[in-house]
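Here's the structure, in structure tokens; my notes come after.
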Amino acid sequence: MSEHLKMQTPDSTEENIAKIAALFPSAVTEMRDEDGGVKKRINFETLKQLLSHDIVDGKEHYEFTWVGKKQAMAEAARPTTQTLRPVPADSKNWDTTQNLYIEGDNLEVLKILQQSYLGKVKMIYIDPPYNTGSDSFTYPDNYNMDAEEYAEKAGALDENGNRLFKENNRSNPRFHSDWCSMTYERLMLARNFLAEDGVIFISIDDNEEDNLIKLCDEVFGESNYLNHFAWVSNITGRQISGKGAAKTWESILAYAKDSEKSNSFLADVQFAKDKMPDTYKGFNKDIRTDDRGMFAIGDTLYNHNRKFNEETRPNLVFSIYYNPASGAIEPGNIGEKREGWVELPPHKNGDGTHKYHAWRWSRQKIANESYDLIVLHTSGNSYEIYTRIRDFNTTLLKDLITNISNGDSELQKLFEGKKYFDYPKSVDLVRLLVNSISAQDMLVMDFFSGSATTAHAVMQLNAEDGGHRKFIMVQLPEPCDEKSEAYKAGYKNICEIGKERIRRAGEKIKAEHPEAEVDTGFRVFRVDSSNMKDVYFHPEQITQTMLGETVSNIKEDRTDLDLLYDCMLRCGVEIDLPHTTTVVDGCKVHNVDNGALMACFDPCVTDNVIHAMAQENPVQAIFRDSSFATDADKINVTEIFKNLSPDTKVRVI
């Protein structure tokens, strides 16, 4: 028999319980729920004890917490029945683009996209709210409590109900709690999207920087911290702080999904010199050529850090031997006698305790890759060994980003000098971060997309280097102030500004790079309620008249495209994939990515339609439950696929 497709996201709580059960079966117990069913549940006291050598009861431990943390964790794990509805009319190049623009609460969107994009995003950049002390957030998480409720939950009232701290918007901890909860649950979900070598960059200012570091340490792990960038966004300094020094910089935190699998951040040398001259000076490399091509003379091979010596790194302390006649380079023992060879001993260590510095390369690496080393004469007729840099057009990205201001002027240029958005990020800033990841065909996500700077930066970089990066932008349709220039110009919410920015930026990029093949389109989706009706008929409610009709459980206003993309999301198929539509016996047959998923939602699906779909051998085939008059018809569908395409998973909605 075909199986019914669940029209909600997976219950990640149940999935996590199953994972824990596999590791710690003794920590799992069974409990009977209100409906009489039995479900597995975690005995947390047992689990805590299994993870500790000590008796855990009553022990103090380091923990970062706030009022609402448990609720945030529960909300992140809670499934949703909401879905994404396609909006081709607002899109650009719907049939060919692989970019996505999604309107809605990003918490819901992250849940909805989980199955389709799990582990497929190489880079996430977000610029979340900075929490400057306002009483509420735009994002509707319902974490805001009035002051009395918060004080009671936080234990901040004495036995007579008196407040134990002074009311203050900046110091009242409930404001930090709201922000922490809002950010925490989104980061928990965001981590699932990252590929094993994926990276997340997060912009933040002083207000919540310390809390964000703690949140990221918990969600991603302290060992996966990569960098804390200082972006000098306003060299003249903010003159309105009212206390302390004028602020000139903001922070960008970088964390990896797995730091062991992530690579160094690189910067294009020419871009760095042109855009950030205060940070990147020089780069006047000695360029030479060998039988492998052009190379630049790099740094010396010895490790300048005195802590790396014969005691701490004994395997990296040895001599390197150079044959001036042949140019050969080999590792060897210190003091070894070799006719015709010059010994390059490790550098002397000046720490007063140890004798030598260590080399940066191991014996094996030198033996295997000596072609990327060069020995040169130095003063006093001695020698020094250097690396040969093959890719000398890039350099290691520094954690100081200068000479790049916010994106006000570049955004205004796109909109005829009008200011429609406050404090947009700079295209150069985001381009720098995107380009620091070496992959040119990666998926980039921004779920606080604002004016869509990230989309602009991805398209710009693709035009410059021929890359095929894709983007997913997510933005809540926050209404524009009716007094704002944006509203007067016809932009009723931020999403309308973002979409128009991508359209205009795409046309500008194509005009500047006419030879480049750049995807400047995007598919628009909006968060909406489930495609399924809220009310279902129990057997005793079905009348004789209804028995003669096919009762549909799909809402009347939902289209074929609504159902198709909902099914793709529930089946774990990416919604940026191409799809075609053919007509068989008057029925529309949808084919996503040459058989990744096929679907037909028409009533009275004929055997010809089923045979035509089965002959394509799709991975999944989906039909409406109401397309078949009887259970026998459903069995017939299953039998046809079993004979013609036995590996196809047949489902009904």
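State yes or no: is Thr248 touching a residue at least 24 places away in the same chain (Cβ under 8 Å), open to solvent by less than 50 Å² (accessible area, probe 1.4 Å) and not small (Gly, Ala, Ser)? Working first, answer last.
Working: touching a residue at least 24 places away in the same chain (Cβ under 8 Å): no; open to solvent by less than 50 Å² (accessible area, probe 1.4 Å): yes; not small (Gly, Ala, Ser): yes.
Here the answer is no, as Thr248 does not meet what is asked.
In the stretch 415-445, what residues are crowded, with 20+ Cβ neighbours inside 10 Å and of a type in the set (A, V, I, L, M, F, W, C)?
Listed by number, the residues that qualify are Phe421, Val427, Leu429, Val430, Leu432, Leu433, Val434, Ile437, Met442, Leu443, Val444, Met445.
Each row is one residue, and each column tells you yes or no for (1) farther than 28 Å from Asp299 by Cα; (2) at pLDDT 95 or above.
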{"position": "Leu396", "(1), (2)": "no, no"}
{"position": "Ser405", "(1), (2)": "yes, no"}
{"position": "Phe415", "(1), (2)": "yes, yes"}
{"position": "Ser426", "(1), (2)": "yes, yes"}
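Residue-by-condition table, conditions (1) assigned to a helix (DSSP H, G or I); (2) modelled with pLDDT under 95; (3) aromatic (Phe, Trp, Tyr):
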{"position": "Glu464", "(1), (2), (3)": "yes, no, no"}
{"position": "Gly467", "(1), (2), (3)": "no, no, no"}
{"position": "Tyr487", "(1), (2), (3)": "yes, no, yes"}
{"position": "Glu500", "(1), (2), (3)": "yes, no, no"}
{"position": "Arg504", "(1), (2), (3)": "yes, no, no"}
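Tally up the residues in the stretch 342-366 that are polar (S, T, N, Q) and either open to solvent by less than 20 Å² (accessible area, probe 1.4 Å) or over 44 Å from the mean Cα position of the chain (by Cα) (or both), please. Break it down into steps so the answer makes sense when it comes.
Pass one, the stretch 342-366, residues polar (S, T, N, Q): 349, 353, 362, 364.
From what is left, the residues that are either open to solvent by less than 20 Å² (accessible area, probe 1.4 Å) or over 44 Å from the mean Cα position of the chain (by Cα) (or both) are 349, 353.
Qualifying residue count for the region: 2.
Residues in the stretch 170-180: is at least one at pLDDT below 90, under 30 Å from Met276 (Cα atoms), open to solvent by 40 Å² or more (accessible area, probe 1.4 Å) and outside any helix (DSSP H, G or I)?
no
Check the stretch 614-622 and report whether any residue there is open to solvent by less than 70 Å² (accessible area, probe 1.4 Å), closer than 23 Å to Ser91 by Cα and in contact with a Leu (Cβ under 8 Å, 6 or more places away or on another chain). Break it down stepwise before answering.
Looking only at the stretch 614-622, we keep the residues that are open to solvent by less than 70 Å² (accessible area, probe 1.4 Å), and these are 614, 618, 620-622.
After this cut, where a residue has to be closer than 23 Å to Ser91 by Cα as well, the list is none.
No, because not a single residue in the stretch 614-622 is open to solvent by less than 70 Å² (accessible area, probe 1.4 Å), closer than 23 Å to Ser91 by Cα and in contact with a Leu (Cβ under 8 Å, 6 or more places away or on another chain).
Could you tell me whether Val609 is open to solvent by less than 20 Å² (accessible area, probe 1.4 Å) and either more than 20 Å from Tyr565 (Cβ to Cβ) or small (Gly, Ala, Ser) (or both)?
The answer is yes for Val609.
Just to be sure I understand, how many residues within the stretch 393-405 are open to solvent by 50 Å² or more (accessible area, probe 1.4 Å) and of a type outside the set (A, V, I, L, M)?
The qualifying residues number 5.
Identify all residues within the stretch 446-474 that are open to solvent by less than 30 Å² (accessible area, probe 1.4 Å) and over 15 Å from Lys425 (Cα atoms); write none if there are none.
If the condition is that a residue be open to solvent by less than 30 Å² (accessible area, probe 1.4 Å) and over 15 Å from Lys425 (Cα atoms), then Met459, Leu461, Asn462, Ala463, Gly467, Arg469, Phe471, Ile472, Val474 are the ones that fit.
Just one of (1) open to solvent by less than 50 Å² (accessible area, probe 1.4 Å); (2) part of a strand (DSSP E or B) trips up His228, so point out which.
Result: His228 passes all but (1).
Please state which one of Ala267, Ala296, Ala272 is open to solvent by less than 30 Å² (accessible area, probe 1.4 Å), part of a helix (DSSP H, G or I) and among the small types (Gly, Ala, Ser). Explain how you work it out, then say what you get.
Numbers: Ala267 fails: part of a helix (DSSP H, G or I); Ala296 fails: part of a helix (DSSP H, G or I).
Exactly one of Ala267, Ala296, Ala272 is open to solvent by less than 30 Å² (accessible area, probe 1.4 Å), part of a helix (DSSP H, G or I) and among the small types (Gly, Ala, Ser), namely Ala272.
For the stretch 225-245, name all the residues that are within 24 Å of His176 (Cα to Cα) and without any contact (Cβ under 8 Å) to a residue 40 or more places away in the chain. Step through it out loud before you land on a result.
First, pick out the residues of the stretch 225-245 that are within 24 Å of His176 (Cα to Cα): 225, 227-231, 238, 240-245.
Result: Tyr225, Arg238, Ile240, Ser241, Gly242, Lys243, Gly244, Ala245.
The values are calculated or read from the model by the stated rules, or taken from the named source; none is laboratory data. Since we're looking at a predicted model, the values are computed, not measured. Counting neighbours? That spans all protein chains shown, and the Cβs are built from the backbone with ideal geometry, glycine included. Side chains are part of the model used for accessible areas, which takes the heavy atoms of the whole protein and leaves out ligands, DNA and RNA. Shrake-Rupley method; radii C 1.70, N 1.55, O 1.52, S 1.80 Å.
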